[in-house]
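The values are calculated or read from the model by the stated rules, or taken from the named source; none is laboratory data. Bear in mind that the values here come from a model prediction, so they are computed numbers and not experimental data. Glycine also receives a Cβ, built like all others from the backbone with ideal geometry; neighbour counts cover every protein chain displayed.
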Amino acid sequence: MTVARFRLVALAETMSWLVMLAAVVAKRLFDVDDATATIGPVHGVVFLVYLVGVVLLREELDWSGRRTVGAVVAAVIPLGAYLVVERRLLNPGAATSPGRP
């Protein structure tokens, strides 16, 4: 997996997370029983692809264990995967900047 493709996967993971949250709200507040039936499995697959991307890029990007765990944990937070990937983990200076994990 390339870094560019990983960025797209991170965006897809973020978007599917947000759609999943909206579906849960629709299901609970508006009694839309089928709201999560489709997006749930889609989000699950996209999340797994994101995790595979983290594992495949770990060595190429020279990530520490802490940085790798941070990339995984970020996917659990809405918008986390995309923001961390775009702002911190994949930027060229991020790995060498002082004060960064």
- request: Determine whether the stretch 29-45 contains at least one residue that is within 14 Å of ALA74 (Cα to Cα) and not basic (Lys, Arg).
  value: no
Taking first residues from the stretch 46-69 that are buried (at least 19 other Cβ atoms within 10 Å of the Cβ) and second residues anywhere that are at pLDDT 90 or above and of a type in the set (S, T, N, Q), the pairs with Cβ under 7 Å that are 6 or more apart or on different chains are VAL46/SER16
Within the stretch 11-40, residues farther than 21 Å from GLY80 by Cβ and either touching an Asp or Glu at 6+ places or on another chain (Cβ under 6 Å) or not β-branched (Val, Ile, Thr) (or both) come out as ALA26, LYS27, ARG28, LEU29, PHE30, ASP31, ASP33, ASP34, ALA35, ALA37
Taking the stretch 63-82 and keeping only residues that are outside any helix (DSSP H, G or I) and over 11 Å from the mean Cα position of the chain (by Cα), one is left with TRP63, SER64
Across the stretch 1-28, the tally of residues that are farther than 15 Å from PRO78 by Cβ and among the hydroxyl-bearing types (Ser, Thr, Tyr) stands at 1
